[in-house]
Amino acid sequence: MNYTKVAIGILLKKNKVYITKGKYKKNIWEFPGGKVKKHENIVHALKRELLEEVGILILKFRFFKYVKYISLKKKLKLYFFLINKWKGEPYSKEGHVYIWIFLYNLKFFNFPLANDSVIHLLKKDIHFLK
Ligand SMILES: Nc1nc2c([nH]c(=O)n2[C@@H]2O[C@H](COP(=O)(O)OP(=O)(O)OP(=O)(O)O)[C@@H](O)[C@H]2O)c(=O)[nH]1
Ligand SMILES: [Mg+2]
């Protein structure tokens with residue numbers, strides 16, 4: 001089984017972050033993003049996924065963390081980006097549940113295991129996320 005590359009956008013606004021419920025994942029929350037297609041690079045996939053899923057054009061973003069994740073069902077290379085500036089009003093174009101939560105409340109939400117190290121960093125020092 002080959003690795004699937006995934007580009008993920010962590011939208012930050014003041015001390016809040018945008019999270020959404022994946023379509024088949026009952027109580028699992030996630031940051032918007034998705035699989036990198038064959039012909040595209042990671043940033044291209046990030047821009048495409050954020051436009052498709054959240055309806056925004058990302059303007060200011062920076063690479064945050066790379067996570068390699070292996071389970072019985074999947075092998076993922078996840079590229080997390082912090083997004084501080086965008087054009088458009090974020091909402092779930094796919095009709096998924098989405099909310100803005102304070103970063104310090106991330107501990108109350110279930111995320112995929114692969115997100116653990118990212119969630120830990122996000123909770124740790126809010127100020128460096130600018
Ligand atoms: N979007 C997103 N996917 C994540 C996160 N953490 C994580 O392990 N994943 C995993 O990355 C894989 C790809 O994500 P995805 O399902 O959103 O991919 P996609 O948008 O291209 O698929 P879709 O178009 O079928 O919804 C899934 O196995 C998903 O569980 C996350 O924070 N956000
Ligand atoms: Mg997705």
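The values are calculated or read from the model by the stated rules, or taken from the named source; none is laboratory data. This is a predicted model, so every value here is computed, not measured. Note that we place each Cβ from the backbone using ideal geometry, even for glycine, and neighbour counts take in every protein chain shown. Remember, those area values only see protein heavy atoms, side chains included, never the ligands or the DNA or RNA. Shrake-Rupley method; radii C 1.70, N 1.55, O 1.52, S 1.80 Å.
Take the range 56-66 and flag every residue that is in contact with a Lys or Arg (Cβ under 6 Å, 6 or more places away or on another chain) and assigned to a loop (DSSP other than H, G, I, E, B).
Those that are in contact with a Lys or Arg (Cβ under 6 Å, 6 or more places away or on another chain) and assigned to a loop (DSSP other than H, G, I, E, B): none in the range 56-66.
What do you reckon, is LYS124 more than 15 Å from PHE31 (Cβ to Cβ), surrounded by fewer than 12 Cβ atoms within 10 Å (Cβ to Cβ) and free of Cβ contacts under 8 Å to residues at least 12 places away in the same chain?
yes
Take the residues of the range 13-23 that are out of contact with any Leu (no Cβ under 6 Å at 6 or more places or on another chain) and on the phi < 0 side of the Ramachandran plot: which is most open to solvent (accessible area, probe 1.4 Å)?
If we take residues in the range 13-23 being out of contact with any Leu (no Cβ under 6 Å at 6 or more places or on another chain) and on the phi < 0 side of the Ramachandran plot, then LYS23 is most open to solvent (accessible area, probe 1.4 Å).
Hey, can you tell me all the residues within the range 67-88 that are assigned to a strand (DSSP E or B) and either buried (at least 19 other Cβ atoms within 10 Å of the Cβ) or of a type in the set (S, T, N, Q) (or both)?
Listed by number, the residues that qualify are LEU78, TYR79, PHE80, PHE81, LEU82, ILE83, ASN84, TRP86.
Among the numbered criteria (1) more than 8 Å from ligand 1 (Cβ to nearest atom); (2) part of a loop (DSSP other than H, G, I, E, B); (3) aromatic (Phe, Trp, Tyr); (4) open to solvent by less than 40 Å² (accessible area, probe 1.4 Å), which one does PHE111 miss?
The one condition PHE111 does not meet is (1).
Residues that are more than 12 Å from ligand 2 (Cβ to nearest atom) and either under 16 Å from LYS93 (Cα atoms) or modelled with pLDDT of 95 or more (or both): find the strands (runs of 3 or more DSSP E) completely inside the range 1-52 holding 1 or more of those.
Hits in the range 1-52: 4-13, 16-21.
Considering only residues that are open to solvent by less than 40 Å² (accessible area, probe 1.4 Å) and either hydroxyl-bearing (Ser, Thr, Tyr) or within 10 Å of ligand 1 (Cβ to nearest atom) (or both), which ones fall in the range 31-47?
PHE31, PRO32, GLY33, GLY34, VAL36, ALA45
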